[in-house]
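Colleague: This is the structure, below, for whatever I ask next.
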Amino acid sequence: MTTQRQPTARRAEFQTSLPGFCPIETAISTLAVGGVEQRGAIFTRREVVEFILDLAGYSARTPLAQLRLLEPSFGAGNFILPAVERLLESFRLHSRKGDRAGEALTAAIRAVELHADTFDRTRVELNALLQLYDIAERDRARLLDAWLVRGDFLLTEFAGQFSHVIGNPPYVRQELIPDALMQEYRRRFATIYDRADLYIPFIEHSLELLEENGVVGFICADRWMKNRYGGPLRKLVSDRFHLKYFVDMVDTPAFHSDVIAYPAIVVIANETPSVTRVARRPAVDSKHLTALAKKMQTGGEAMNGHVHEIPSVANGAEPWVLESFDMLAVVRRIEAQFPKVEEAGCKVGIGVATGADQVFIGKFDELDVEPSRKLPLVMTRDILDGTVNWRGYGVINPFEDEGKLVSLARFPKLARYLEKHGDAIRNRHVSAKNPNSWYRTIDRIYPELAFRPKLLIPDIKGDAHVVFEEGKLYPHHNLYWMTANEWHLRALQAVLLSDVAKLFVGIYSTKMRGGYLRFQAQYLRRICIPRWADVSLTLRKRLVQAAKQRNFRACNEAAFELYRLTSSERAALNG
């Protein structure tokens with residue numbers, strides 16, 4: 001795919017390398033005219049853009065014509081316009097008499113955009129900006145042709161490397177990307193793992209394009225820093241780069257529209273790793289952000305308590321822990337002393353996802369199938385007050401106990417029910433992928449789980465919400481569950497209700513809007529507990545009683561004793 005408005009002599013510099021298959025070209029053409037959601041377009045506020053440019057050291061006081069800046073997805077120009085303003089101011093300050101911008105600045109900028117209309121509109125704005133700086137028409141055309149690349153950044157090859165890569169990479173879920181294109185992305189980028197969003201390979205490609213001592217400065221969702229799918233990218237950063245700055249943008253108006261996942265600013269340098277300087281929740285105003293950038297760059301006494309240094313943040317594929325150093329010290333001590341919860345004989349899982357809840361889930365007594373083909377179901381709404389108040393729903397179980405799908409010939413009522421809703425069931429992705437197993441639920445159902453006592457934990461909560469279920473109900477997919485072979489479940493419930501468990505989840509999980517934590521299996525498995533045999537009889541009774549009474553203070557006191565927390569460690573948990 002050629003770059004729009006590029007002179008023939010330059011087409012060798014920028015090429016979209018396609019292995020000759022039409023499905024990829026078709027997919028790119030579709031995205032090139034897609035809507036905002038399909039493109040993952042989120043627009044960054046000017047103050048935040050200026051802050052990122054400052055952090056990255058892209059300042060008009062520097063002779064920027066000697067540097068090379070790349071913007072991988074320039075969109076409406078939120079980043080590229082301020083960057084060009086700085087470049088032009090720098091040219092005024094540092095150019096010699098007779099220097100022509102059209103020659104001196106040609107290599108200074110490269111900016112890529114796939115979406116056709118957006119590309120054209122931003123080109124017009126850039127042309128107006130150049131005109132404002134008295135750049136001649138011939139030079140404006142030359143610069144715009146050189147600077148702006150129409151294409152897919154992930155498929156674009158560049159001549160040379162860059163001193164700066166700046167921007168806000170697109171946030172696009174995999175299911176919105178055509179299969180042929182996704183396969184090509186996977187072939188090229190090793191960091192696309194599990195359900196990784198599109199910004200993951202954007203960061204990888206940007207890092208690979210950095211020259212020595214070059215920096216990537218991005219604002220993007222923070223999920224990859226802790227989630228499973230971010231593991232390969234975290235390892236890449238750990239192995240070859242330096243996480244230089246991290247700014248948590250929790251509850252800040254960083255964008256022109258609201259987003260669910262909290263964003264963060266990262267500056268990653270192609271240099272020897274050292275400490276990471278961290279700032280949190282800055283006020284989004286120019287004066288404050290300008291001062292903060294200076295503090296982060298200067299370090300030492302200039303940080304004045306507003307910036308902190310954390311060593312060894314990037315450690316292989318491990319989640320990045322960027323919270324309070326005192327809290328981190330508590331977690332690290334407990335991790336060194338006690339096994340993880342599943343190593344201590346407990347098990348963590350998630351309830352059933354069906355792909356068609358309106359078919360597979362209904363009032364238990366009204367599901368017209370054989371009694372052996374349905375199970376009573378517990379959902380989040382059944383445990384809102386901290387106890388189980390079953391509302392009478394059930395889930396259809398199409399599996400034999402050993403895991404195979406049942407033969408519909410053996411269950412005529414089930415067969416009639418499923419055929420009645422055949423269109424809704426067959427339209428699911430899991431059915432299209434496995435047409436011979438069209439009536440399976442997404443997850444296999446294990447009937448024995450329904451009849452085993454368990455703890456139920458909703459995914460997103462501000463505080464730990466851990467409910468004891470005595471062994472009568474099967475959990476729905478928005479509930480995580482825990483069982484125990486050795487631990488008394490009520491005692492385990494007390495630990496999970498304590499601030500210690502919340503500390504573990506808070507350290508390792510991404511936060512959502514309103515400060516809510518993700519109580520997901522991957523984070524619950526991080527919790528460390530003593531082995532049950534090592535817990536005294538007196539403490540066992542205290543834990544069980546505290547959980548039964550839902551006395552959160554008693555849960556905390558017992559848990560603090562269980563982990564032998566010192567007074568300073570208790571203070572760290574209290575912030």
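Colleague: Of the residues Tyr171, Tyr199, only one is open to solvent by 50 Å² or more (accessible area, probe 1.4 Å) and not small (Gly, Ala, Ser); which?
Modeller: None of the others qualify; the one that does is Tyr171.
Colleague: With the requirement that a residue be open to solvent by 50 Å² or more (accessible area, probe 1.4 Å) and touching a strand residue (DSSP E or B) at 6+ places or on another chain (Cβ under 7 Å), what does region 105-139 give you?
Modeller: Across region 105-139, there are no qualifying residues.
Colleague: Right, next: Restricting to region 300-345, what's the tally of residues that are small (Gly, Ala, Ser), open to solvent by 40 Å² or more (accessible area, probe 1.4 Å), outside any helix (DSSP H, G or I) and touching a residue at least 12 places away in the same chain (Cβ under 8 Å)?
Modeller: 2
Colleague: Any residue that is over 30 Å from Ser567 (Cβ atoms), open to solvent by 40 Å² or more (accessible area, probe 1.4 Å), modelled with pLDDT of 95 or more and assigned to a strand (DSSP E or B) - is there at least one of those in region 364-383?
Modeller: no
Colleague: Determine which member of the set Gly102, Gly57, Gly75 is small (Gly, Ala, Ser), in contact with a Lys or Arg (Cβ under 6 Å, 6 or more places away or on another chain) and surrounded by 16 or more Cβ atoms within 10 Å (Cβ to Cβ).
Modeller: Matching residue, one of Gly102, Gly57, Gly75: Gly102.
Colleague: Report, by residue number, each residue of region 410-446 that is assigned to a helix (DSSP H, G or I), under 33 Å from the mean Cα position of the chain (by Cα), surrounded by fewer than 16 Cβ atoms within 10 Å (Cβ to Cβ) and touching a residue at least 12 places away in the same chain (Cβ under 8 Å).
Modeller: Residues satisfying the conditions are Ala424, Arg426, His429, Ser437.
Colleague: Here is a follow-up. Here is a check on your reading of the model: is Phe162 aromatic (Phe, Trp, Tyr), over 28 Å from Arg518 (Cβ atoms) and open to solvent by 20 Å² or more (accessible area, probe 1.4 Å)?
Modeller: no
Colleague: Could you go through region 493-503 and let me know if any residue there is open to solvent by 30 Å² or more (accessible area, probe 1.4 Å) and either hydroxyl-bearing (Ser, Thr, Tyr) or touching a Cys at 6+ places or on another chain (Cβ under 8 Å) (or both).
Modeller: So far as region 493-503 goes, no, none of its residues is open to solvent by 30 Å² or more (accessible area, probe 1.4 Å) and either hydroxyl-bearing (Ser, Thr, Tyr) or touching a Cys at 6+ places or on another chain (Cβ under 8 Å) (or both).
Colleague: Only one of these is open to solvent by 10 Å² or more (accessible area, probe 1.4 Å) and free of Cβ contacts under 8 Å to residues at least 24 places away in the same chain: Arg142, Arg187, Arg150. Name it.
Modeller: Criteria check complete, one pass: Arg187.
Colleague: Can you say whether Ser509 is of a type in the set (Gly, Ala, Ser), farther than 23 Å from Glu469 by Cα and at pLDDT 90 or above, as far as the supplied structure shows?
Modeller: no
Colleague: Take region 60-72 and flag every residue that is part of a helix (DSSP H, G or I) and open to solvent by less than 30 Å² (accessible area, probe 1.4 Å).
Modeller: Correct list: Leu64 only.
Colleague: What pairs come out if I take residues in region 512-539 that are within 12 Å of Cys346 (Cβ to Cβ) and pair them with residues that are at pLDDT below 95 and among the aromatic types (Phe, Trp, Tyr) whose C-beta lies under 8 Å away, six or more apart or interchain?
Modeller: Ile527/Phe504; Cys528/Phe504
Colleague: State which residue is least open to solvent (accessible area, probe 1.4 Å) when the search covers only region 455-485 and only residues that are charged (D, E, K, R) and modelled with pLDDT under 95.
Modeller: Of everything passing the filter in region 455-485, Asp459 is least open to solvent (accessible area, probe 1.4 Å).
Colleague: Which of the residues that make up region 518-575 are open to solvent by 20 Å² or more (accessible area, probe 1.4 Å) and either touching a Cys at 6+ places or on another chain (Cβ under 7 Å) or aliphatic (A, V, I, L, M) (or both)?
Modeller: Those that are open to solvent by 20 Å² or more (accessible area, probe 1.4 Å) and either touching a Cys at 6+ places or on another chain (Cβ under 7 Å) or aliphatic (A, V, I, L, M) (or both): Ala533, Leu537, Val544, Ala554, Ala571, Leu573.
Colleague: Continuing with the same structure: Within region 223-254, track down each residue that is open to solvent by 20 Å² or more (accessible area, probe 1.4 Å) and under 20 Å from Leu292 (Cβ atoms).
Modeller: Selection gives Lys244, Asp248, Asp251, Thr252, Pro253.
Colleague: Which helices (runs of 4 or more DSSP H) sit wholly inside region 496-575 and have at least 1 residues that are over 20 Å from the mean Cα position of the chain (by Cα) and within 24 Å of Val313 (Cβ to Cβ)?
Modeller: Helices (runs of 4 or more DSSP H) meeting the threshold: 499-508, 567-573.
Colleague: Go through region 136-154 and give me each residue that's modelled with pLDDT of 95 or more and of a type in the set (A, V, I, L, M, F, W, C).
Modeller: Matches in region 136-154: Ala141, Leu143, Leu144, Ala146, Trp147, Leu148, Val149, Phe153, Leu154.
Colleague: I've got another one for you. Of all residues in region 393-409 being of a type in the set (A, V, I, L, M, F, W, C) and over 19 Å from Leu377 (Cβ atoms), which is most open to solvent (accessible area, probe 1.4 Å)?
Modeller: Per the criteria, the residue is Ala409.
Colleague: Exactly one condition in (1) surrounded by fewer than 17 Cβ atoms within 10 Å (Cβ to Cβ); (2) under 15 Å from Trp147 (Cβ atoms); (3) in contact with a Lys or Arg (Cβ under 8 Å, 6 or more places away or on another chain) is not met by Glu85; state its number.
Modeller: Among (1) surrounded by fewer than 17 Cβ atoms within 10 Å (Cβ to Cβ); (2) under 15 Å from Trp147 (Cβ atoms); (3) in contact with a Lys or Arg (Cβ under 8 Å, 6 or more places away or on another chain), the lone unmet condition for Glu85 is (3).
Colleague: Quick one: how many residues across region 123-141 are more than 20 Å from Arg68 (Cα to Cα) and not in a loop (DSSP other than H, G, I, E, B)?
Modeller: 7
The values are calculated or read from the model by the stated rules, or taken from the named source; none is laboratory data. Please read all numbers here as calculations on a predicted model, not as lab measurements. We place every Cβ from the backbone using ideal geometry, glycine too, and count neighbours over all the protein chains shown. Protein only, heavy atoms only, side chains kept; ligands, DNA and RNA dropped before computing areas. Shrake-Rupley method; radii C 1.70, N 1.55, O 1.52, S 1.80 Å.
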